[in-house]
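Undergrad: Pasting a structure here, questions to come.
The values are calculated or read from the model by the stated rules, or taken from the named source; none is laboratory data. Since the model is a prediction, treat every value here as computed from it, not as a measurement. Note that each Cβ is placed from the backbone with ideal geometry, even for glycine, and that neighbours are counted across all protein chains shown.
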Amino acid sequence: MPEIKNVHILMMGRDPGHAKIGLQKLECDVVHIITSDEMAEEMDHKSMMEEWASDLGIEAGGIHTIPNSELFSAAATGIVVAVVLSIIRHETNRPLMHLGSRHEEGVHVDHPTRKKDDDVICGFFIGFTGGTNLMAGAAVHAANLFSAKPYYIARVPDGDPDEGEPIVLAPMNATALLSAAPNEAIKDLLQHPKGRLFSRDIETYILITRLDYLHLASTDKLEDPEFPGSGRWVYDVSEEGTLLLEIIAERRRLTEPPERQGGDSEEESGAKEKVDSEEVDGPPDSSDPKMGDLTDTLLTVTQEQVPARNELLAVLMERWNLEGRAEVWKRDDKRTLRIYFVNTEDESSKPNLYKFHEEKIKVENDLLVKEILDSLPYRRDEDAVARIISGDNEFELMIYLAKLKFERMGFSFGPSPRGSGWGRTGKKRA
(Lines give C-alpha, C1' and ligand atoms only; values in the text may rest on other atoms or scores of the structure.)
Protein backbone atom coordinates (compact mmCIF):
# COMPACT_ATOMS: atom_id res chain seq x y z
CA MET A 1 0.00 0.00 0.00
CA PRO A 2 1.51 3.39 -0.94
CA GLU A 3 2.88 5.45 1.94
CA ILE A 4 3.64 9.14 2.25
CA LYS A 5 7.20 10.15 3.13
CA ASN A 6 7.88 13.80 3.98
CA VAL A 7 11.41 14.86 3.09
CA HIS A 8 12.93 18.11 4.41
CA ILE A 9 15.83 19.79 2.61
CA LEU A 10 17.46 22.47 4.78
CA MET A 11 19.74 25.33 3.75
CA MET A 12 22.27 25.57 6.60
CA GLY A 13 24.58 28.41 7.68
CA ARG A 14 26.25 29.29 10.97
CA ASP A 15 23.06 29.26 13.08
CA PRO A 16 21.40 25.81 13.12
CA GLY A 17 18.83 26.70 15.81
CA HIS A 18 16.00 27.17 13.33
CA ALA A 19 16.29 23.70 11.81
CA LYS A 20 14.77 21.57 14.56
CA ILE A 21 11.75 23.88 14.87
CA GLY A 22 10.61 23.12 11.32
CA LEU A 23 11.25 19.40 11.72
CA GLN A 24 9.14 19.36 14.89
CA LYS A 25 6.21 21.47 13.72
CA LEU A 26 5.93 20.24 10.13
CA GLU A 27 5.56 16.57 9.23
CA CYS A 28 9.01 15.07 8.66
CA ASP A 29 10.35 11.57 8.00
CA VAL A 30 13.75 12.32 6.44
CA VAL A 31 16.02 15.39 6.59
CA HIS A 32 18.85 16.44 4.27
CA ILE A 33 21.25 19.37 4.69
CA ILE A 34 22.73 21.63 2.00
CA THR A 35 25.66 23.73 3.17
CA SER A 36 29.05 25.09 2.12
CA ASP A 37 32.40 23.32 2.42
CA GLU A 38 33.45 25.92 5.01
CA MET A 39 30.41 25.36 7.22
CA ALA A 40 30.77 21.59 6.90
CA GLU A 41 34.30 21.85 8.32
CA GLU A 42 33.27 24.15 11.19
CA MET A 43 30.14 22.29 12.31
CA ASP A 44 29.46 18.66 13.12
CA HIS A 45 26.34 18.25 10.98
CA LYS A 46 26.45 14.46 11.25
CA SER A 47 26.10 14.48 15.05
CA MET A 48 23.43 17.17 14.77
CA MET A 49 21.35 15.02 12.41
CA GLU A 50 21.83 11.94 14.57
CA GLU A 51 20.48 13.93 17.53
CA TRP A 52 17.45 15.01 15.50
CA ALA A 53 16.87 11.40 14.46
CA SER A 54 17.00 10.26 18.09
CA ASP A 55 14.82 13.05 19.50
CA LEU A 56 12.21 13.24 16.73
CA GLY A 57 12.15 9.70 15.39
CA ILE A 58 13.15 10.76 11.88
CA GLU A 59 15.79 9.52 9.46
CA ALA A 60 19.09 11.33 8.94
CA GLY A 61 19.58 11.86 5.24
CA GLY A 62 22.59 13.20 3.37
CA ILE A 63 24.93 16.12 4.02
CA HIS A 64 25.33 17.89 0.67
CA THR A 65 28.24 20.31 0.41
CA ILE A 66 28.99 22.95 -2.22
CA PRO A 67 32.43 24.59 -2.62
CA ASN A 68 32.50 28.21 -1.44
CA SER A 69 33.87 29.36 -4.79
CA GLU A 70 30.74 28.00 -6.50
CA LEU A 71 28.27 29.01 -3.80
CA PHE A 72 29.21 32.68 -4.20
CA SER A 73 29.46 32.60 -8.00
CA ALA A 74 27.01 33.62 -10.71
CA ALA A 75 26.19 29.93 -11.18
CA ALA A 76 25.11 29.43 -7.54
CA THR A 77 21.38 29.23 -8.30
CA GLY A 78 21.78 26.43 -10.81
CA ILE A 79 24.14 24.55 -8.50
CA VAL A 80 21.69 24.66 -5.57
CA VAL A 81 18.85 23.53 -7.87
CA ALA A 82 21.03 20.62 -9.06
CA VAL A 83 21.68 19.53 -5.47
CA VAL A 84 17.96 19.65 -4.66
CA LEU A 85 17.25 17.59 -7.77
CA SER A 86 19.85 15.00 -6.74
CA ILE A 87 18.09 14.64 -3.37
CA ILE A 88 14.68 14.28 -5.00
CA ARG A 89 15.97 11.60 -7.36
CA HIS A 90 17.62 9.79 -4.48
CA GLU A 91 14.44 9.74 -2.38
CA THR A 92 11.96 8.70 -5.03
CA ASN A 93 11.83 6.25 -7.91
CA ARG A 94 9.14 8.28 -9.67
CA PRO A 95 10.64 10.07 -12.69
CA LEU A 96 10.42 13.83 -13.22
CA MET A 97 8.95 13.71 -16.70
CA HIS A 98 9.60 17.38 -17.47
CA LEU A 99 13.31 17.20 -16.64
CA GLY A 100 16.28 15.72 -18.49
CA SER A 101 18.13 12.70 -17.19
CA ARG A 102 21.66 14.12 -17.14
CA HIS A 103 23.78 13.36 -14.10
CA GLU A 104 24.42 16.19 -11.65
CA GLU A 105 28.20 16.65 -11.36
CA GLY A 106 30.51 18.67 -9.13
CA VAL A 107 28.50 18.09 -5.97
CA HIS A 108 29.70 15.89 -3.12
CA VAL A 109 26.80 13.98 -1.56
CA ASP A 110 26.98 11.88 1.58
CA HIS A 111 24.09 9.56 0.73
CA PRO A 112 22.14 7.70 3.40
CA THR A 113 21.95 3.91 3.11
CA ARG A 114 18.17 3.67 3.07
CA LYS A 115 16.82 1.86 0.03
CA LYS A 116 14.16 3.41 -2.14
CA ASP A 117 10.68 1.89 -2.26
CA ASP A 118 8.43 2.03 -5.30
CA ASP A 119 5.36 2.17 -3.04
CA VAL A 120 6.48 5.36 -1.25
CA ILE A 121 5.19 8.74 -2.41
CA CYS A 122 7.43 11.61 -1.35
CA GLY A 123 6.41 15.10 -0.31
CA PHE A 124 9.23 17.65 -0.20
CA PHE A 125 9.75 20.65 2.10
CA ILE A 126 12.63 23.10 1.57
CA GLY A 127 13.70 25.23 4.53
CA PHE A 128 15.48 28.43 3.52
CA THR A 129 16.03 30.11 6.90
CA GLY A 130 19.75 29.28 7.03
CA GLY A 131 22.57 30.04 4.64
CA THR A 132 23.10 33.10 2.47
CA ASN A 133 20.41 35.23 0.85
CA LEU A 134 21.42 33.74 -2.49
CA MET A 135 20.95 30.22 -1.13
CA ALA A 136 17.50 31.21 0.16
CA GLY A 137 16.47 32.60 -3.21
CA ALA A 138 17.77 29.51 -5.00
CA ALA A 139 15.94 27.28 -2.52
CA VAL A 140 12.59 28.98 -3.17
CA HIS A 141 13.27 28.79 -6.91
CA ALA A 142 13.97 25.05 -6.61
CA ALA A 143 10.81 24.55 -4.55
CA ASN A 144 8.77 26.18 -7.30
CA LEU A 145 10.43 24.06 -10.00
CA PHE A 146 9.74 20.78 -8.22
CA SER A 147 6.41 21.65 -6.54
CA ALA A 148 7.99 21.41 -3.09
CA LYS A 149 6.83 23.51 -0.13
CA PRO A 150 9.30 26.26 0.84
CA TYR A 151 9.24 27.46 4.44
CA TYR A 152 10.93 29.96 6.73
CA ILE A 153 11.25 29.82 10.53
CA ALA A 154 10.11 33.10 12.11
CA ARG A 155 11.68 33.73 15.53
CA VAL A 156 11.33 36.64 17.94
CA PRO A 157 14.57 38.71 18.16
CA ASP A 158 16.32 38.13 21.50
CA GLY A 159 13.64 35.55 22.35
CA ASP A 160 13.98 31.87 23.16
CA PRO A 161 16.17 30.39 20.37
CA ASP A 162 14.21 27.14 20.54
CA GLU A 163 10.89 28.86 19.82
CA GLY A 164 9.56 29.93 16.46
CA GLU A 165 6.89 29.24 13.87
CA PRO A 166 7.32 27.83 10.35
CA ILE A 167 5.85 30.03 7.63
CA VAL A 168 5.03 27.84 4.63
CA LEU A 169 4.86 29.69 1.32
CA ALA A 170 2.35 28.70 -1.34
CA PRO A 171 3.98 26.83 -4.25
CA MET A 172 4.28 28.30 -7.72
CA ASN A 173 1.25 26.40 -8.99
CA ALA A 174 -1.02 28.22 -6.53
CA THR A 175 -2.29 30.73 -9.09
CA ALA A 176 -2.84 27.96 -11.65
CA LEU A 177 -4.94 25.93 -9.20
CA LEU A 178 -6.93 28.94 -8.02
CA SER A 179 -7.44 30.27 -11.55
CA ALA A 180 -9.63 27.24 -12.23
CA ALA A 181 -12.02 28.22 -9.45
CA PRO A 182 -15.56 29.21 -10.49
CA ASN A 183 -16.46 32.89 -10.09
CA GLU A 184 -19.25 32.17 -7.61
CA ALA A 185 -16.93 30.14 -5.36
CA ILE A 186 -14.40 32.98 -5.26
CA LYS A 187 -17.11 35.54 -4.46
CA ASP A 188 -18.53 33.26 -1.78
CA LEU A 189 -15.19 32.97 0.02
CA LEU A 190 -14.43 36.68 -0.27
CA GLN A 191 -17.76 37.34 1.45
CA HIS A 192 -17.30 34.50 3.97
CA PRO A 193 -13.54 34.01 4.60
CA LYS A 194 -14.30 31.85 7.64
CA GLY A 195 -17.20 29.71 8.78
CA ARG A 196 -18.63 26.19 8.83
CA LEU A 197 -17.07 24.00 6.15
CA PHE A 198 -20.19 22.11 5.12
CA SER A 199 -22.43 25.18 5.06
CA ARG A 200 -20.86 26.21 1.74
CA ASP A 201 -21.89 24.71 -1.59
CA ILE A 202 -19.80 22.07 -3.34
CA GLU A 203 -17.69 24.40 -5.53
CA THR A 204 -16.78 26.60 -2.56
CA TYR A 205 -15.95 23.51 -0.50
CA ILE A 206 -13.54 22.27 -3.18
CA LEU A 207 -11.94 25.73 -3.39
CA ILE A 208 -11.40 25.61 0.40
CA THR A 209 -9.68 22.22 0.11
CA ARG A 210 -7.38 23.63 -2.58
CA LEU A 211 -6.53 26.63 -0.39
CA ASP A 212 -5.88 24.28 2.53
CA TYR A 213 -3.49 22.23 0.37
CA LEU A 214 -1.67 25.43 -0.60
CA HIS A 215 -1.41 26.55 3.06
CA LEU A 216 -3.65 29.51 2.24
CA ALA A 217 -6.48 28.32 4.49
CA SER A 218 -6.94 26.04 7.46
CA THR A 219 -9.63 23.51 8.31
CA ASP A 220 -10.28 22.17 11.78
CA LYS A 221 -12.83 20.12 13.66
CA LEU A 222 -14.33 21.81 16.71
CA GLU A 223 -15.29 19.18 19.26
CA ASP A 224 -18.70 19.30 20.91
CA PRO A 225 -18.17 18.85 24.70
CA GLU A 226 -21.68 17.45 25.05
CA PHE A 227 -21.01 14.76 22.43
CA PRO A 228 -17.41 13.46 22.76
CA GLY A 229 -15.96 12.35 19.46
CA SER A 230 -18.29 14.56 17.45
CA GLY A 231 -18.14 18.16 16.34
CA ARG A 232 -18.29 20.41 13.32
CA TRP A 233 -15.71 21.27 10.67
CA VAL A 234 -14.75 24.92 10.22
CA TYR A 235 -12.45 26.77 7.82
CA ASP A 236 -10.46 30.00 7.89
CA VAL A 237 -8.90 31.59 4.79
CA SER A 238 -5.60 33.33 5.54
CA GLU A 239 -4.89 36.97 4.67
CA GLU A 240 -2.60 35.82 1.85
CA GLY A 241 -5.30 33.48 0.55
CA THR A 242 -7.86 36.29 0.58
CA LEU A 243 -5.40 38.55 -1.22
CA LEU A 244 -4.82 35.97 -3.99
CA LEU A 245 -8.58 35.50 -4.43
CA GLU A 246 -9.01 39.28 -4.70
CA ILE A 247 -6.25 39.43 -7.33
CA ILE A 248 -7.86 36.66 -9.39
CA ALA A 249 -11.28 38.32 -9.10
CA GLU A 250 -9.80 41.65 -10.22
CA ARG A 251 -8.06 40.05 -13.20
CA ARG A 252 -11.32 38.48 -14.29
CA ARG A 253 -13.12 41.82 -14.03
CA LEU A 254 -10.51 43.31 -16.37
CA THR A 255 -10.25 40.44 -18.85
CA GLU A 256 -13.63 38.69 -18.95
CA PRO A 257 -16.78 40.02 -20.61
CA PRO A 258 -19.46 41.33 -18.20
CA GLU A 259 -21.79 38.38 -18.79
CA ARG A 260 -19.12 36.01 -17.47
CA GLN A 261 -18.44 37.99 -14.31
CA GLY A 262 -21.86 37.38 -12.79
CA GLY A 263 -21.21 33.65 -12.54
CA ASP A 264 -20.67 30.65 -14.72
CA SER A 265 -23.46 30.59 -17.27
CA GLU A 266 -24.72 27.05 -17.75
CA GLU A 267 -26.19 27.93 -21.13
CA GLU A 268 -22.89 29.37 -22.38
CA SER A 269 -20.83 26.47 -21.04
CA GLY A 270 -23.33 24.01 -22.47
CA ALA A 271 -23.16 25.68 -25.87
CA LYS A 272 -19.36 25.63 -25.77
CA GLU A 273 -19.30 21.95 -24.84
CA LYS A 274 -21.65 21.22 -27.72
CA VAL A 275 -19.37 22.98 -30.19
CA ASP A 276 -16.31 21.22 -28.77
CA SER A 277 -17.98 17.84 -29.08
CA GLU A 278 -18.76 18.50 -32.73
CA GLU A 279 -15.14 19.36 -33.48
CA VAL A 280 -13.84 15.93 -32.45
CA ASP A 281 -14.79 12.37 -33.25
CA GLY A 282 -17.09 11.11 -30.53
CA PRO A 283 -18.04 12.63 -27.18
CA PRO A 284 -15.52 14.53 -25.03
CA ASP A 285 -13.65 12.62 -22.32
CA SER A 286 -15.98 13.73 -19.53
CA SER A 287 -19.21 12.98 -21.41
CA ASP A 288 -21.25 9.83 -21.69
CA PRO A 289 -24.20 9.31 -24.06
CA LYS A 290 -26.34 7.92 -21.22
CA MET A 291 -25.02 9.80 -18.19
CA GLY A 292 -24.52 13.26 -19.70
CA ASP A 293 -21.58 15.35 -18.47
CA LEU A 294 -19.30 14.92 -15.49
CA THR A 295 -19.69 17.97 -13.23
CA ASP A 296 -17.88 17.02 -10.02
CA THR A 297 -15.65 14.31 -8.57
CA LEU A 298 -16.45 13.93 -4.86
CA LEU A 299 -14.18 11.08 -3.80
CA THR A 300 -11.58 8.71 -5.16
CA VAL A 301 -10.42 5.56 -3.40
CA THR A 302 -7.24 3.62 -4.13
CA GLN A 303 -5.12 1.10 -2.26
CA GLU A 304 -4.27 3.94 0.14
CA GLN A 305 -7.73 3.55 1.70
CA VAL A 306 -7.45 -0.24 2.13
CA PRO A 307 -6.66 -1.22 5.76
CA ALA A 308 -3.72 -3.57 6.24
CA ARG A 309 -6.06 -6.24 7.62
CA ASN A 310 -8.03 -6.41 4.34
CA GLU A 311 -5.43 -8.14 2.21
CA LEU A 312 -7.94 -9.58 -0.27
CA LEU A 313 -9.32 -6.15 -1.20
CA ALA A 314 -5.78 -4.81 -1.64
CA VAL A 315 -4.91 -7.72 -3.94
CA LEU A 316 -8.03 -7.21 -6.07
CA MET A 317 -7.40 -3.46 -6.35
CA GLU A 318 -3.82 -4.09 -7.44
CA ARG A 319 -4.63 -6.96 -9.82
CA TRP A 320 -7.06 -4.87 -11.88
CA ASN A 321 -5.37 -1.47 -11.27
CA LEU A 322 -8.63 -0.24 -9.76
CA GLU A 323 -9.65 3.21 -8.57
CA GLY A 324 -13.05 3.84 -7.03
CA ARG A 325 -14.84 7.08 -7.89
CA ALA A 326 -17.85 8.94 -6.59
CA GLU A 327 -18.93 11.50 -9.17
CA VAL A 328 -21.84 13.76 -10.02
CA TRP A 329 -23.13 13.60 -13.61
CA LYS A 330 -25.71 15.87 -15.20
CA ARG A 331 -28.04 15.34 -18.16
CA ASP A 332 -31.03 17.52 -19.05
CA ASP A 333 -30.93 19.29 -15.66
CA LYS A 334 -31.07 15.94 -13.87
CA ARG A 335 -28.10 14.90 -11.74
CA THR A 336 -26.91 11.45 -10.76
CA LEU A 337 -24.48 10.33 -8.06
CA ARG A 338 -22.36 7.69 -9.74
CA ILE A 339 -20.22 5.30 -7.64
CA TYR A 340 -18.06 2.91 -9.66
CA PHE A 341 -14.58 1.48 -10.28
CA VAL A 342 -12.28 1.83 -13.28
CA ASN A 343 -9.07 0.24 -14.44
CA THR A 344 -6.67 3.20 -14.38
CA GLU A 345 -4.57 1.68 -17.17
CA ASP A 346 -7.60 1.09 -19.41
CA GLU A 347 -10.66 3.10 -18.37
CA SER A 348 -12.78 1.48 -21.09
CA SER A 349 -12.61 -1.87 -19.27
CA LYS A 350 -14.57 -2.60 -16.10
CA PRO A 351 -13.95 -5.21 -13.38
CA ASN A 352 -16.29 -8.16 -13.91
CA LEU A 353 -16.82 -8.68 -10.19
CA TYR A 354 -20.09 -7.99 -8.40
CA LYS A 355 -18.14 -6.54 -5.48
CA PHE A 356 -17.18 -3.63 -7.74
CA HIS A 357 -20.53 -3.13 -9.46
CA GLU A 358 -21.61 0.39 -10.40
CA GLU A 359 -24.29 2.27 -8.46
CA LYS A 360 -26.32 5.24 -9.72
CA ILE A 361 -28.39 7.35 -7.34
CA LYS A 362 -30.63 10.26 -8.29
CA VAL A 363 -29.50 13.47 -6.59
CA GLU A 364 -32.48 14.41 -4.44
CA ASN A 365 -32.04 14.99 -0.73
CA ASP A 366 -34.89 12.68 0.31
CA LEU A 367 -33.49 9.84 -1.81
CA LEU A 368 -29.97 10.47 -0.53
CA VAL A 369 -31.21 10.26 3.07
CA LYS A 370 -33.04 7.00 2.31
CA GLU A 371 -29.87 5.52 0.81
CA ILE A 372 -27.85 6.65 3.84
CA LEU A 373 -30.27 4.94 6.22
CA ASP A 374 -30.21 1.76 4.11
CA SER A 375 -26.39 1.77 4.06
CA LEU A 376 -25.77 2.49 7.75
CA PRO A 377 -23.82 -0.25 9.54
CA TYR A 378 -24.85 -1.57 12.93
CA ARG A 379 -23.87 0.65 15.90
CA ARG A 380 -23.14 3.69 13.76
CA ASP A 381 -22.93 7.00 15.67
CA GLU A 382 -26.60 8.01 15.45
CA ASP A 383 -25.94 11.54 16.74
CA ALA A 384 -23.46 12.24 13.93
CA VAL A 385 -25.84 10.81 11.33
CA ALA A 386 -28.72 12.86 12.73
CA ARG A 387 -26.69 16.07 12.44
CA ILE A 388 -25.79 15.33 8.82
CA ILE A 389 -29.38 14.56 7.88
CA SER A 390 -30.80 17.56 9.75
CA GLY A 391 -28.28 19.84 8.02
CA ASP A 392 -29.95 18.94 4.70
CA ASN A 393 -26.77 19.97 2.82
CA GLU A 394 -26.80 18.25 -0.55
CA PHE A 395 -23.03 17.98 -0.85
CA GLU A 396 -22.58 16.67 2.70
CA LEU A 397 -25.27 14.05 2.11
CA MET A 398 -23.68 12.89 -1.15
CA ILE A 399 -20.16 12.64 0.22
CA TYR A 400 -21.33 10.89 3.39
CA LEU A 401 -23.31 8.37 1.34
CA ALA A 402 -20.33 7.74 -0.95
CA LYS A 403 -18.08 7.13 2.06
CA LEU A 404 -20.64 4.70 3.52
CA LYS A 405 -20.77 2.76 0.26
CA PHE A 406 -16.98 2.49 0.06
CA GLU A 407 -16.67 1.64 3.78
CA ARG A 408 -19.11 -1.26 3.35
CA MET A 409 -16.71 -2.64 0.75
CA GLY A 410 -13.81 -2.47 3.20
CA PHE A 411 -12.22 0.92 2.55
CA SER A 412 -11.25 3.26 5.37
CA PHE A 413 -11.22 7.07 5.49
CA GLY A 414 -9.51 9.65 7.66
CA PRO A 415 -11.31 12.70 9.11
CA SER A 416 -11.48 14.46 5.73
CA PRO A 417 -12.37 13.06 2.29
CA ARG A 418 -9.86 12.83 -0.53
CA GLY A 419 -11.59 15.15 -2.98
CA SER A 420 -10.27 15.41 -6.52
CA GLY A 421 -11.24 16.31 -10.02
CA TRP A 422 -12.28 19.92 -9.26
CA GLY A 423 -11.57 22.30 -12.09
CA ARG A 424 -11.25 19.44 -14.58
CA THR A 425 -14.78 19.29 -15.94
CA GLY A 426 -14.60 18.32 -19.59
CA LYS A 427 -11.01 17.11 -19.37
CA LYS A 428 -9.50 13.67 -19.12
CA ARG A 429 -8.34 12.62 -15.69
CA ALA A 430 -4.56 12.68 -15.33
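Yes or no, residue by residue, for (1) among the basic types (Lys, Arg); (2) farther than 19 Å from Glu239 by Cα; (3) at pLDDT below 75:
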{"residue": "Tyr152", "(1), (2), (3)": "no, no, no"}
{"residue": "Pro157", "(1), (2), (3)": "no, yes, yes"}
{"residue": "Glu163", "(1), (2), (3)": "no, yes, no"}
{"residue": "Pro166", "(1), (2), (3)": "no, no, no"}
{"residue": "Ala174", "(1), (2), (3)": "no, no, yes"}
{"residue": "Ser179", "(1), (2), (3)": "no, no, no"}
{"residue": "Lys187", "(1), (2), (3)": "yes, no, no"}
{"residue": "His192", "(1), (2), (3)": "no, no, no"}
{"residue": "Arg196", "(1), (2), (3)": "yes, no, no"}
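Undergrad: Residues in the range 95-106: is at least one modelled with pLDDT under 90, within 24 Å of Ala154 (Cα to Cα) and either assigned to a strand (DSSP E or B) or not aliphatic (A, V, I, L, M) (or both)?
TA: So far as the range 95-106 goes, no, none of its residues is modelled with pLDDT under 90, within 24 Å of Ala154 (Cα to Cα) and either assigned to a strand (DSSP E or B) or not aliphatic (A, V, I, L, M) (or both).
Undergrad: Related question: Take the range 287-311 and flag every residue that is at pLDDT below 85 and over 22 Å from the mean Cα position of the chain (by Cα).
TA: Listed by number, the residues that qualify are Ser287, Asp288, Pro289, Lys290, Met291, Ala308, Arg309, Asn310, Glu311.
Undergrad: Under 9 Å between Cβ atoms, at least 6 apart or on separate chains: pull out the pairs that start in the range 319-343 with a residue that is within 10 Å of Met291 (Cα to Cα) and end on any residue that is among the hydroxyl-bearing types (Ser, Thr, Tyr) and part of a strand (DSSP E or B).
TA: Here the result reads Val328/Thr295; Val328/Thr297; Val328/Thr336; Trp329/Thr295; Trp329/Thr336; Lys330/Thr295; Lys330/Thr336; Arg335/Thr295, each pair linking the range 319-343 to a residue that is among the hydroxyl-bearing types (Ser, Thr, Tyr) and part of a strand (DSSP E or B).
Undergrad: From the list Ile34, Ile63, Ile87, which residue is out of contact with any helix residue (DSSP H, G or I) (no Cβ under 7 Å at 6 or more places or on another chain) and touching a residue at least 40 places away in the same chain (Cβ under 8 Å)?
TA: On inspection, the qualifying residue turns out to be Ile87.
Let's see how each residue does on (1) of a type in the set (Asp, Glu); (2) more than 27 Å from the chain's Cα centre (by Cα); (3) assigned to a loop (DSSP other than H, G, I, E, B); (4) at pLDDT 90 or above:
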| site | (1), (2), (3), (4) |
| --- | --- |
| Leu337 | no, no, no, yes |
| Lys350 | no, yes, yes, no |
| Leu373 | no, yes, no, no |
| Ile389 | no, yes, no, no |
| Phe395 | no, no, no, no |
| Gly419 | no, no, yes, no |
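Undergrad: Next question. Check off (1) outside the structural domain of Asp220 (by TED's automatic domain parsing); (2) over 21 Å from Gly13 (Cα atoms); (3) assigned to a helix (DSSP H, G or I) for Ala142 and give me the number that stays unchecked.
TA: (2)
Condition check ((1) out of contact with any Gly (no Cβ under 6 Å at 6 or more places or on another chain); (2) within 19 Å of Asp15 (Cα to Cα); (3) modelled with pLDDT of 90 or more) across all residues:
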site	(1), (2), (3)
Met49	yes, yes, yes
Ser54	yes, no, yes
Ile63	yes, yes, yes
Ile66	yes, yes, yes
Val83	yes, no, yes
Lys116	yes, no, no
Cys122	yes, no, no
Ile126	yes, yes, yes
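Undergrad: Restricting to the range 56-69, count the residues that are more than 17 Å from Val7 (Cα to Cα) and either surrounded by 17 or more Cβ atoms within 10 Å (Cβ to Cβ) or in contact with a Lys or Arg (Cβ under 9 Å, 6 or more places away or on another chain) (or both).
TA: 2
Undergrad: Another one. Can you tell me which of Arg331, Arg309 is basic (Lys, Arg), over 29 Å from Ser199 (Cα atoms) and surrounded by fewer than 16 Cβ atoms within 10 Å (Cβ to Cβ)?
TA: Only one candidate qualifies: Arg309.
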